[in-house]
Amino acid sequence: MCDEIQIPIKQSKTVNPTTKIVFLGLEIDTIKLEIRLPDEKLAKIRSSIIQALNSKKLTLRQLQSLIGLLNYACTVVSPGRAFLRRVIDLTIGLTKPFYVRRLTQEAKADLHAWSVFLEHFNGKAVLLSDKWESSDSLNLFTDASNLVFGGVFQNKWFYGKWDASWSTVHITIKELFPIVLAIELFANDMANSKVNFYSDNLAVVHIINNQTSKDKLIMRLVRRLVISVLQNNLFFRARHIPGIQNVAADMLSRLQISKFKQLYPHMDQNPTPVQQPLTI
C-alpha cells in the first residue's frame, strides 16, 4: 500500500506486528500494559545519580546532563518532576559549562528520592485508561483538627491523635499529613490505580496538585507522598470538598467514633492501626 501511494519506508526502522516495541526511546509492552525505561538508560540514570551524590560540587554541564536524564525519566515517572525543581535551581546564575555549584542538602534529598524510587520501581509505569475511577471505588477522604486526624478509604478507616510535639504545627501540615499517611497505609489497595484525594483545605489541594510549596516541612511531606505514589504507580488528583460534605472524615477528626460506626455500618469493624510516634 505504501508503495502504491508513494510513501517512503525506511526498512531499518520497520517492525512487524508485535506486543513489545521501543518507541521514542521507551519500551512499550501491550501484554503487561507497561511503559518501561530501557535497561541501559535506567543504568545510566542510576549511575549519574550516584556520581552526583558522591560529589560535593558539579559543573553546569554535569548538572544539565543529569537534569536531561531525569527529564527523560519523567516520561515514565511523571510525578518525578516534583523532585527536579531544586536540582534545576542549582543551574541559576551559571553561565559557563565549566562553572561549578555546590550541591545543597535539599537537592541531595531530591536525588536520594529518585535513587530510592528507581531501585524499587525499576522504571515501569502501568498504562491506565484516561477515565478516572468512579466516585464509589477509589476515593480518599481525610480531615484534621488541632487534636485529631482521620481518613476513610473504601471500607477502611483510620484516625490518630497529635502528640505534644505537633502542638505548634500549622493546620495545613496537619491536613496534609493524613493524606500522606493513608497512601502508606493502603498502598496495596491503591497500587496501579487512579485515586481522588478529597480535602476541605484549599491550600492542601493546591499543594498536592502542584507538588510544591515554599514551606520546608510541607515539602518533606510532599516528598513522602510522591515517593509512595511512584513506588505504587498511583495516579492521583486532589479535589476540594466543602467541610459540610466531608462528614465521615470530619467525625473521625472529632473523635466521634461511635457515631461514625452507627452512620457507616458497612465500614470495617476496627480502624487500620496508625503507628506512633507520628513523624513528618
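Please verify whether V229 is in contact (Cβ under 8 Å) with a residue 60 or more places away in the chain, more than 21 Å from H170 (Cα to Cα), surrounded by 15 or more Cβ atoms within 10 Å (Cβ to Cβ) and in contact with a Pro (Cβ under 8 Å, 6 or more places away or on another chain), treating the condition exactly as stated.
Criteria met by V229.
Restricting attention to segment 175-223, which residues are over 18 Å from R81 (Cβ atoms), assigned to a loop (DSSP other than H, G, I, E, B) and more than 13 Å from the chain's Cα centre (by Cα)?
F186, D200, N201, D215, listed by residue number.
Which one of these does T91 not meet: (1) surrounded by 12 or more Cβ atoms within 10 Å (Cβ to Cβ); (2) over 26 Å from K214 (Cα atoms)?
The one condition T91 does not meet is (2).
Could you tell me whether segment 176-191 includes any residue that is closer than 17 Å to Q276 by Cα, charged (D, E, K, R) and touching a strand residue (DSSP E or B) at 6+ places or on another chain (Cβ under 7 Å)?
No, every residue in segment 176-191 fails to be closer than 17 Å to Q276 by Cα, charged (D, E, K, R) and touching a strand residue (DSSP E or B) at 6+ places or on another chain (Cβ under 7 Å).
Kindly evaluate A52 against the criterion of being touching a Leu at 6+ places or on another chain (Cβ under 9 Å), of a type in the set (G, A, S), on the phi < 0 side of the Ramachandran plot and not in a loop (DSSP other than H, G, I, E, B).
yes
Filter segment 46-88 down to the residues that are surrounded by fewer than 18 Cβ atoms within 10 Å (Cβ to Cβ) and among the hydroxyl-bearing types (S, T, Y), then identify the one that is farthest from the chain's Cα centre (by Cα).
Among those that are surrounded by fewer than 18 Cβ atoms within 10 Å (Cβ to Cβ) and among the hydroxyl-bearing types (S, T, Y), it is T59.
Could you tell me which numbered condition R237 fails, if it satisfies all but one of (1) touching a residue at least 12 places away in the same chain (Cβ under 8 Å); (2) surrounded by 13 or more Cβ atoms within 10 Å (Cβ to Cβ); (3) not in a loop (DSSP other than H, G, I, E, B)?
Answer for R237: the failing condition is (2).
This table checks each residue for (1) under 30 Å from V15 (Cα atoms); (2) among the polar types (S, T, N, Q); (3) touching a residue at least 60 places away in the same chain (Cβ under 8 Å).
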position	(1), (2), (3)
D29	yes, no, no
T59	no, yes, no
Q64	no, yes, no
N71	yes, yes, no
G80	no, no, yes
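Go through the residues of segment 99-113 one by one and say whether even a single one is outside the structural domain of S193 (by TED's automatic domain parsing), aromatic (F, W, Y) and at pLDDT below 90.
Within segment 99-113, not a single residue is outside the structural domain of S193 (by TED's automatic domain parsing), aromatic (F, W, Y) and at pLDDT below 90.
Consider I244 carefully, then state whether it is part of a helix (DSSP H, G or I), among the aliphatic types (A, V, I, L, M) and over 30 Å from F83 (Cβ atoms).
Criteria met by I244.
If we keep just the residues of segment 251-280 that are aliphatic (A, V, I, L, M) and farther than 25 Å from W166 by Cβ, which is farthest from the chain's Cα centre (by Cα)?
L263
Restricting attention to segment 242-280, which residues are touching a Ser or Thr at 6+ places or on another chain (Cβ under 7 Å) and surrounded by 17 or more Cβ atoms within 10 Å (Cβ to Cβ)?
Correct list: A249, S253.
The values are calculated or read from the model by the stated rules, or taken from the named source; none is laboratory data. As the structure is a computational prediction, the values presented were derived from the model and not from experiment. Note that each Cβ is placed from the backbone with ideal geometry, even for glycine, and that neighbours are counted across all protein chains shown.
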